[in-house]
Amino acid sequence: MAAAVLGVARRLRLVAAAPSLAFTRSAFVAKRRNYDQPNWFGVALAFGTSAALWAFLFKQHEDDVREYERRKAERHHKCTDCS
């Protein structure tokens, strides 16, 4: 019974194949890196993304501090006209 289920599963590709081809690289994809000409687009993209994330982090922090101060002042507000 188990052999029949395994045979059906292999035919339907539900069972993973042996990892014989998993670690091979195609000659059409693999090439030597040229370190004489860096990928400046990738470098700029990485640094630009990092700078944008840091700018967003600082802006979000300032917004959070401003909201904290507003709520803290609102909590200590003692006014008879508002109640």
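Below is a table of values for the structure above.
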item: Loop chymotrypsin sites (Phe, Trp or Tyr not before Pro), the stretch 33-81, which have at most 13 other Cβ atoms in a 10 Å radius of their Cβ (DSSP); result: Tyr35
item: Separation of the Lys31 and Val43 label points, Cα + 7 Å toward Cβ, nm; result: 2.0
item: Per-residue HN-Hα couplings for the stretch 36-42 [Karplus 6.51, -1.76, 1.60; θ = phi - 60°; Hz; x = Gly/Pro]; result: 6, 10, x, 7, 5, 5, x
item: Backbone HN-Hα couplings from phi across the stretch 63-74 [Karplus 6.51/-1.76/1.60, Hz, Gly and Pro as x]; result: 4, 5, 5, 4, 5, 4, 5, 5, 5, 5, 5, 5
item: Estimated inter-spin distance, Glu69 and Leu53, nm [label 7 Å along Cα→Cβ]; result: 2.9
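Laboratory data are not the source of any read-out in this text; all were calculated from the coordinates shown. Treat the numbers as computed from the prediction; the structure is a model and nothing was measured. Neighbour counts run over all protein chains shown; Cβ positions are idealised from the backbone, glycine included.
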